[in-house]
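Just so it is clear, none of the values below were taken in a lab; they were calculated from the coordinates. Because the structure is a prediction, the values reported are computed rather than measured. Neighbour counts are summed over all protein chains in view; Cβ atoms, including those assigned to glycine, are modelled from backbone coordinates with ideal geometry.
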Amino acid sequence: MPTEVNIDIDINFDKFIVSDHWQNLKLRIFRDVPELSTVYIRRSSSGNVHIRVKVRRDLLLLERLCLRAFLDDDPARLACDLDRFYRTGRAETTDRCFNKKYSCSQRVIKTAGVWQRVRKNGKY
């Protein structure tokens with residue numbers, strides 16, 4: 001069973017990491033996520049934000065979905081994951097953040113950034 005959730009936030013990475021939104025979200029993560037292990041952040045392949053939150057125990061699907069909603073995951077992404085789970089009954093089809101995406105408009109493959117550890121009072 002998974003011990004992590006991935007959060008996708010559709011805000012430009014460079015603007016997000018200096019925003020009050022990020023400071024408030026980081027506060028919620030470090031204060032309110034039970035059994036928190038580690039937190040990572042990266043630039044998505046589209047230039048937005050991916051956050052990975054790891055905990056010290058296995059998480060049920062419902063727990064992962066609730067945690068993602070609590071941590072501001074993209075509502076459309078959550079809805080698609082719920083729909084996909086309803087149709088397939090397979091939890092492993094949910095909570096994906098792509099490392100690479102093909103941009104039809106630019107005809108290139110875009111790659112996400114490297115995961116960087118977030119510290120409570122650190123750089124990110």
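Per-structure values
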| read-out | value |
| --- | --- |
| Subset of segment 36-82 [aliphatic (A, V, I, L, M) and under 21 Å from I17 (Cα atoms)] | L36, V39, I41, V49, I51, V53, L67, A69, L71 |
| Every residue from segment 15-32 that is within 15 Å of the chain's Cα centre (by Cα) and within 13 Å of D72 (Cβ to Cβ) | F16, H21, W22, L25, K26, R28, I29 |
| Per-region count, segment 6-22, residues among the charged types (D, E, K, R) and part of a helix (DSSP H, G or I) | 3 |
| Conditions (1) hydrophobic (A, V, I, L, M, F, W, C); (2) within 20 Å of D14 (Cα to Cα); (3) surrounded by 13 or more Cβ atoms within 10 Å (Cβ to Cβ); number of the one not met by C66 | (2) |
